[in-house]
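The values are calculated or read from the model by the stated rules, or taken from the named source; none is laboratory data. The structure displayed is predicted, hence computed values, not measured ones. When we count neighbours, we look across all protein chains shown, and the Cβ atoms used for this are built from the backbone with ideal geometry, even at glycine. Just so you know, the surface numbers come from the protein's heavy atoms only, side chains and all, with ligands and any DNA or RNA stripped out. Shrake-Rupley method; radii C 1.70, N 1.55, O 1.52, S 1.80 Å.
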Amino acid sequence: MQDELLNKIDTKLDAALQDIDEEQARQNLREARQLLICIRNSDSEKIDAEHAE
């Protein structure tokens, strides 16, 4: 699943670099950032679960 999210982030960042429309570029960057936050949160939950055991 993490690879899938990383691929989505890569796609969003690539689109942001290619967008001429500044607002669309910003939207792609926001979406990429949200996906990174999801990955970070899921990693934190895994670490917390491992420490709870």
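Counting only residues that are among the charged types (D, E, K, R) and within 25 Å of Ser42 (Cα to Cα), which one in the stretch 1-23 is surrounded by the most Cβ atoms within 10 Å (Cβ to Cβ)? Please lay out each step first, then the result.
If we filter the stretch 1-23 for residues that are among the charged types (D, E, K, R), which is where we start, we get 3-4, 8, 10, 12, 14, 19, 21-23.
Still in the running and within 25 Å of Ser42 (Cα to Cα): 3-4, 8, 10, 12, 14.
On the way: Asp3: 7, Glu4: 9, Lys8: 14, Asp10: 12, Lys12: 21, Asp14: 12.
Looking at residues that are among the charged types (D, E, K, R) and within 25 Å of Ser42 (Cα to Cα), I get Lys12.
Could you grab the pairs with beta carbons closer than 6 Å, sequence gap of 6+ or different chains, first residue in the stretch 18-42 and modelled with pLDDT of 90 or more, second one open to solvent by 80 Å² or more (accessible area, probe 1.4 Å)?
That search, which allows pairs on different chains as well, returns Leu35/Lys8.
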